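Encoded as structure tokens, the structure appears first; notes follow it.
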2 protein chains.
Amino acid sequence: MNLTGATRLNVILGDPIAQVKSPNGVTQAFADRGHDGLLAPVQVGVEDLGAFLAVADRLKNLDGIIVTVPHKFACFKHCRSASERADFLGAVNIMRRRPEGGWHGDMVDGLGFVGAVRAQGYEPEGKRALLVGAGGAGSAIALALVEAGVRELAIHDADHKRRDDLIQRLNALGRATVEAGSPDPTGYDLVANATPAGMRPGDPLPVDAGKLTPDTFVGCVITVPAVSPLIDAARRRGCPTSTGTEMYQALQSAMVDFLLAPQAASPLAASERA
Amino acid sequence: MNLTGATRLNVILGDPIAQVKSPNGVTQAFADRGHDGLLAPVQVGVEDLGAFLAVADRLKNLDGIIVTVPHKFACFKHCRSASERADFLGAVNIMRRRPEGGWHGDMVDGLGFVGAVRAQGYEPEGKRALLVGAGGAGSAIALALVEAGVRELAIHDADHKRRDDLIQRLNALGRATVEAGSPDPTGYDLVANATPAGMRPGDPLPVDAGKLTPDTFVGCVITVPAVSPLIDAARRRGCPTSTGTEMYQALQSAMVDFLLAPQAASPLAASERA
């Protein structure tokens, strides 16, 4: 890249920040699409986020903000407008400056998962899906699966309160039958792991892999190791799979799409806050 | 470069910012020296500088700040400590985070000029120098010439008050004879232009080039055009020269030296503010 003072600035905010990979990929994707832009890592503590965002509002060459842990909920509150899915989740992982002032936010983590599944040639629409994990990533994936048109979605999480709360809110959308699930994948077309189970040696598998059949698609959010124990078990049983790295690649593409979207108006049916 | 979340952040602050060239060169120089660092452009208005610096104090991955127009004087005031030359000039063009907290500032614009002269094999020590222009760049160059050991320094500026004020303060250092000069270069070994004269077609030359002799070294701060009318005239008369672009290259090297200096303690005889 040819970085100059005219290069448009975008930042990724998190604390810690050293683990993020997107500065290189997003900056390269900008160049590939003919945009002179940079994604710079910025480590901001929770206690400093408000002051940072107040300054970010006024930085004249800052176009976009990618948001990671622990700022996704606070940044949602700072957005003047947001996509329907960000409103549903109460969180954003990406913001762009609106031509009319303030920031427009979206939450595309779930699009990354669905994008990775589709990149393998598998279409979630009309399928029965089992999701393990109802936390931040799990909630985003659950919503994306419902938006992608799954017929049924079962959600398993040891925290029954957050599981049932998510189920209730998803059912209120009236787009799919959402219910409580278990680690048993029997009868599901698509199985999604949105828990960290498999990142450390000795972790239990998030689902009972012995019951997987070769017609079940298995997706996982874990990027380290590149092939998680669940993905490895699924492949041994002949299942098609998508990995966390593939999810991340699809997510990065969705992020660049969002940041470079035409700036005539905020897209999607955006909510507007005072 | 391989930009990641672990890449250490440095920013160049200015308003406007699109004209600066250093993000690419400094980032490349970091890589050449084995440092995983980035210089990102940030456009901050005068009215927002205080809030920006308050946030910058607390950004955990921000190591250094390069300062350009119009922030050099205000950023000096924000530094906890500064080099003697920055104290003398009341301005900084570069800051690095101190291991003990706060920022250490320096003003290396003048080093760029002297570095470019020396890069041509010319040694200012013991010479008689004429400087045209006593503004921000001129003041920094005047001090750098005195620090480089010129025997005499004559300063010409249409603004007699700022010329005489600078002369008085430089003489108070007791290191060289500093006096008022004129556009006549007769008798000087080294002639320095620190004015914008030559950036626009039809500008008058800053010195009477018809009186230059081939033993006079002529340096200029102008980068656009790459060969300023003064440099062109000097070369036609057989004078050795240094251009604004060569000054900029030396300046960039001095900046990277400063940003990557060992962090055990603030170097130079640093002043410490409350």
ask   = Placing a label point 7 Å from Cα toward Cβ, how far apart in nm is A:ARG98 from its equivalents in the other copies, listed shortest first to one decimal?
value = 4.4
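Residue separation times 0.36 nm, minus the C-alpha to C-alpha distance between B:ASP165 and B:ASN2: what's the value?
53.8 nm
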query = From the square roots a ≥ b ≥ c of the eigenvalues of the alpha-carbon gyration tensor of region B:41-151, which class results: rounded (a/c under 1.5), prolate (a/b over b/c), or oblate?
reply = prolate
request  = Give me the percent of DSSP beta bridges within chain A that run antiparallel, rounded to the nearest 5.
outcome  = 20 percent
key: At 7 Å out from Cα toward Cβ: A:ALA18 inter-copy label distances (nm, ascending)   = 3.8
remark   = So, for the Cα atoms of chain A, Rg and Dmax in Å stand at 18.9, 57
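For the pair B:ALA51 and B:ALA226, what calculated FRET efficiency results from E = 1/(1 + (r/R0)^6), where r is the Cβ-Cβ distance and R0 = 45 Å, to the nearest 0.05? Could the numbers behind the result be given before it?
On the way: r = 38 Å, r/R0 = 0.84.
Efficiency for this residue pair is about 0.75.
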For region B:41-48, 3J(HN,Hα) per residue [Karplus equation, 6.51 cos²θ - 1.76 cosθ + 1.60, θ = phi - 60°, Hz, x = Gly/Pro] = x, 9, 9, 10, x, 3, 5, 10
ask   = Residue by residue through region B:143-156, which ³J(HN,Hα) values in whole Hz follow from phi under the Karplus form 6.51 cos²θ - 1.76 cosθ + 1.60 (θ = phi - 60°), with glycine and proline marked x?
value = 5, 5, 5, 5, 5, 7, x, 4, 6, 10, 9, 9, 10, 10
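For the pair A:LYS211 and B:ARG200, what calculated FRET efficiency results from E = 1/(1 + (r/R0)^6), where r is the Cβ-Cβ distance and R0 = 60 Å, to the nearest 0.05?
With R0 = 60 Å, the Cβ-Cβ based efficiency is 0.15.
Which of rounded, prolate or oblate describes region A:12-76 when judged by the alpha-carbon gyration tensor and an a/c cut-off of 1.5?
Details: a/c = 2.54, a/b = 1.46, b/c = 1.74.
Note, shape of region A:12-76 comes out oblate.
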Globularity index of the protein assembly as shown, i.e. its alpha-carbon radius of gyration over 2.2 N^0.38 Å = 1.24
remark   = Between B:ALA40 and residues 5 or more places away or on another chain, the pairs with built amide H atoms under 5 Å apart involve B:ASN10, B:VAL11, B:ILE12
task = Would you look at the GNM of chain B, springs on alpha carbons closer than 10 Å, and say which of B:GLY121, B:GLY135, B:GLY238 moves the most?
result = B:GLY121
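Which links in B:LYS72/B:LYS127; A:LYS127/A:LYS211; A:LYS77/A:LYS127; A:LYS72/A:LYS127 stretch past 26 Å when you go from one Cα to the other? Could the numbers behind the result be given before it?
Values: B:LYS72/B:LYS127 30 Å; A:LYS127/A:LYS211 18 Å; A:LYS77/A:LYS127 34 Å; A:LYS72/A:LYS127 30 Å.
From B:LYS72/B:LYS127; A:LYS127/A:LYS211; A:LYS77/A:LYS127; A:LYS72/A:LYS127, over 26 Å: B:LYS72/B:LYS127; A:LYS77/A:LYS127; A:LYS72/A:LYS127.
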query = Using alpha carbon coordinates only, what is the Rg to Rh ratio of region B:110-242, with Rh defined as the Kirkwood radius?
reply = 0.93
task = Find every distance from the label point of B:ALA119 to the corresponding label point in the other copies (7 Å from Cα along Cα→Cβ) and write them in nm, one decimal, shortest first.
result = 4.3
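Computed from the coordinates by the stated procedures, all read-outs in this text should not be read as laboratory data. If you're wondering where the values come from, they're calculated on a predicted model, not measured in any experiment. Cβ atoms come from the backbone with ideal geometry, glycine included; neighbour counts cover every protein chain shown.
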